[in-house]
Amino acid sequence: MTYQRTVVYTYIWLGLFIFIVQRAYGDVSYSIPEELKRGTEIGNVARDVGLDLKRLAARKARIDTEGNSRRYVDINLRTGELTVAERMDREEMCSEKLSCVLNIELMLENPLELHRIVVEIQDINDNSPIFPNALIKLEISENADKGATFRVDDAHDADMGLNSVQNYVLEKNEHFVLAVRTNDDGGKYSELILDKELDREEKDKMTLALTAVDGGNPSTSGSVTIHITVLDANDNAPVFSQGLYKASLPENSPLGTVVIKVSATDADAGINGDVTYEFSRISEKARKLFSLNQKSGEIVVIGPVDYEEESKYEIRVQGKDGTGLTSDTKVSIEIVDVNDNAPVIFLKSLNNPVPENAPPGTEVGIINVQDRDSESNRQIHCSIQQNVPFKLVPSIKNYFSLLTTGELDRELITDYNISITATDEGSPPLSSSKTVQLSVADVNDNPPVFDKQVYIAHVTENNSQGSSVSSVTARDPDWRQNGTVFYSLLPGEVNGFPVSSLLSVNGDTGVIHAVRSFDYEQYKDFKVQVLARDNGSPPLSSNVTMSIYVVDVNDNSPQILYPSPDGSSLMTELVPRAAQAGSLVSKVIAVDADSGQNAWLSYNIVKATDPGLFSIGVHSGEIRTQRDVLESDVMKQNLIVSVKDNGQPSLSATCTMYLLISDNLAEVPDLRDMSSEDNGSKITSYLIIALVSVSTFFLTFIIITLTVKLCNRRSPRLLFDGAVAIPSAYLPSNYADVDATGTLRSSYNYDAYLTTGSRTSDFKFIRSYNDGTLLADDTLKKSSSTAEELFGLVDDGRSLPQVT
Ligand SMILES: *[C@@H]1O[C@H](CO)[C@@H](O)[C@H](O)[C@H]1NC(C)=O
Ligand SMILES: *[C@@H]1O[C@H](CO)[C@@H](O)[C@H](O)[C@H]1NC(C)=O
Ligand SMILES: *[C@@H]1O[C@H](CO)[C@@H](O)[C@H](O)[C@H]1NC(C)=O
């Protein structure tokens, strides 16, 4: 406000005041606008009160201010004018009071005079409207309805009346209009009215200028900025990025594997835009396998995922914002098969045990193989190990037949562990195996087999009855009774007697016993057949030949055939006087029923009339002259000859040989002399007869012997082939085998020495020492009459069968 203006106002006011003062006697009142300049004249108080100007100073006129110490007004003592002493601000002095009055007193002395002066201070528009804050912040929800009102702070104008705020003006905008209203106290305030709905998502902030205008002239104004923040209203549901999420997950994925992440966005802000996720529809099974992170939307594996259990899961996921708006989406999880199941082998049937004679190609079992995986992971190959006579043949679907491929032999392999391996085609492939135990059942397919092809036993003659002779063993590899061997003797005859009368066999052990005592001189050897039979059904058997050789014992003493041992006959050899040294004179002939050494005879002259004249061949028995016969030699010569065999101990016999040294029979009387020692005199004719008979006897003996030997033996070997003619044959046949070193062979050859006459030999039955020997028993029962007959012979003594 310029000073000029002030002056103009002042005069207007003055005219008004003067009118008032004139009507108010005692007291004087003035009305002045506020904010006058110091020294400005308010009014001439002296004149108004009627005071003498000249006496003002004398009477010490002065202004007193009631109470207040501040002096706003002064008096000019020279002119009597009241002036402004200090700036007067109505707002400061009276603030809100409607009328602002300054009461002062004019005091005069001499005499004391007191005049009340009232100075009314008039408001001028010296203040602009002011808003309390420079910025008004409003937060308005975007879903506020049209017509909603929002009060804003009033502006304040320190001035009064019209000078105070009279109006508000709002910057033009799209959404709000302004309503100006009056308070009860007359003050003006404004409200924003929503004219058009807000959309935070479109525009979330607005700045508007609001101006307050007072009614002064000229008017003043004050402005404020209104910041409007559009608050979000949850008007948007979350929106998923995909309507269908597809994921594939290998089975057996480790816990914590992220399967897929769903994501939904919400256009709203703050809590209204915070989306949380949850399953809205999920099977119980899937709930155990998957979990959903509420915040991130990640679906994570929390359990064992098994393709074989479920190959596909469908889940609905809901997205929800802070105030509950939702939407949902579908998640489809395909489980990818992993080759995690090994094939499983089932044995559906098994023919156990399988008989060993099952032909190749026999089906022994059926196998089923299963794999829970899919596609190539469930394609299966089956195999069995090498080196077993079995094979697998694929049958329908996953069935396999187990067949034999070759002959089975329980005696070679009793049990098979057939290892079946099944492998699938996965990558890497899985396999499993199963062992099938298969036994081979026995079939009686092996006959007993004897340890040896031929058994040879040597039995010393005169053995005791029941003594064991030998034993046979046969083995049968079959099982149990199919392999249990029993022994028996095959029926047969030895020289017309059943073998059971000679031998018996222990059925269980195969030990062979002599049923009777053997006589070498009766049986030198014989053969029996031993049968071994198993207990199978039907039984199998085999037989073997056992040769029994009876071993000679020196139980026969030498038998002197010539000269006659009893010496009853007068047998005298003639020795010519002309016989020279070395001439064969005679021969002692002896035999021994034994054989070998036991029959190897040696001859010795035990006693002689003239010991120097005759000698005897140790083994030939030939008596020869040792020297030429002399005239002086005694005519009658006697020799006592001993014949010994070579047995241990040796047996012997003696004989006496009568020799007559003479050239003719004329000397027969001497013979009488010679024989007179025994019988007295004999005539020459007797002698001749004797000589002839001796010669005849000797010849007959040789012929008979030869005939017998040739008839009974195929072997050309003869015990004695001729006494004189072949002296070397005197040695028993086995001694002919003396080898170059001169030692005898340890093995002897025995000749069967049986003649037809041996039927008369005695047989002695004994009660079988072994009741199991059926052969002996049977024989006893069946031929009891024969047995009795035979028993009758038992005590006949053991007369030796004669060889000749
Ligand atoms: C078969 O397996 C069983 C048990 O594993 C074993 O006792 C037996 O000796 C095996 N037989 C063969 C022939 O390998
Ligand atoms: C013996 O063999 C027969 C067939 O020859 C068979 O049936 C039987 O079972 C076998 N016995 C045993 C004990 O194996
Ligand atoms: C004894 O064995 C032979 C051949 O080994 C056979 O031919 C014969 O029949 C058998 N005898 C008996 C009685 O079994």
remark   = Going residue by residue through the stretch 156-166, the Karplus relation 6.51 cos²θ - 1.76 cosθ + 1.60 with θ = phi - 60° gives ³J(HN,Hα) values, rounded to whole Hz and with x marking Gly or Pro, of 10, 10, 5, 6, 10, x, 5, 6, 7, 4, 10
request  = Check each of the trypsin sites (Lys or Arg not before Pro) in the stretch 104-157 and keep only those in coil by DSSP with at most 16 other C-beta atoms within 10 angstrom; list them in order.
outcome  = Lys146
Among 356-362, 517-523, 333-339, the order from most to least packed when residues are scored by Cβ within 10 Å on average = 517-523, 333-339, 356-362
note = Amide H contacts under 5 Å for Asp195, restricted to residues at least 5 apart in sequence or on another chain and with H modeled in the peptide plane, are Gly147, Phe176, Val177
ask   = Non-local amide H neighbours of Cys100 (under 5 Å, H modeled in plane, Pro and chain starts lacking H): which ones?
value = Ile121
task = Order by neighbour count: Met93, Met160, Met546, fewest other Cβ atoms within 10 Å first, most last.
result = Met93, Met160, Met546
task = Take each of the peptides 232-241, 547-556, average the number of other beta-carbon atoms within 10 Å over its residues, and list them starting from the highest.
result = 547-556, 232-241
remark   = Listed by chain and number, the residues whose amide H is under 5 Å from that of Tyr30, excluding neighbours fewer than 5 places away on the same chain and using placed H, are Val118, Val119, Glu120
ask   = Using the Cβ atoms and a cut-off under 13 Å, what net charge is assigned to the surroundings of Glu310, where Lys and Arg are +1 and Asp and Glu are -1?
value = -3
message = Which of Thr656, Thr700 has the fewest other C-beta atoms within 10 Å, and how do the rest follow up to the most?
response = Thr700, Thr656
task = Pop out the ³J(HN,Hα) list for the stretch 318-330 in order, Karplus 6.51 cos²θ - 1.76 cosθ + 1.60 with θ = phi - 60°, rounded to Hz; leave Gly and Pro as x.
result = 10, x, 9, 8, x, 10, x, 7, 10, 8, 9, 9, 10
Environment charge of Leu244, counting only residues whose C-beta is closer than 15 Å and scoring Lys/Arg +1, Asp/Glu -1 = +3
Packing-based ranking, highest mean first, of 445-451, 412-418 given that Cβ atoms within 10 Å are counted = 445-451, 412-418
message = Taking the beta-carbon count within 10 Å as an exposure proxy, list Cys655, Cys94 from fewest neighbours to most.
response = Cys94, Cys655
note = Asp328 neighbourhood, Cβ < 10 Å, K/R = +1, D/E = -1, net charge +3
remark   = Measuring from its Cα centre, the stretch 472-616 shows a charge dipole (+1 at each Lys and Arg Cβ, -1 at each Asp and Glu Cβ) which, in debye to the nearest 20, is 160 debye
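Coordinate-derived values only; no laboratory data. This structure is a prediction, so every number in the text was calculated from the model and none was measured. Ideal geometry is used to build each Cβ from the backbone, glycine not excepted, and the neighbour counts take in all protein chains shown.
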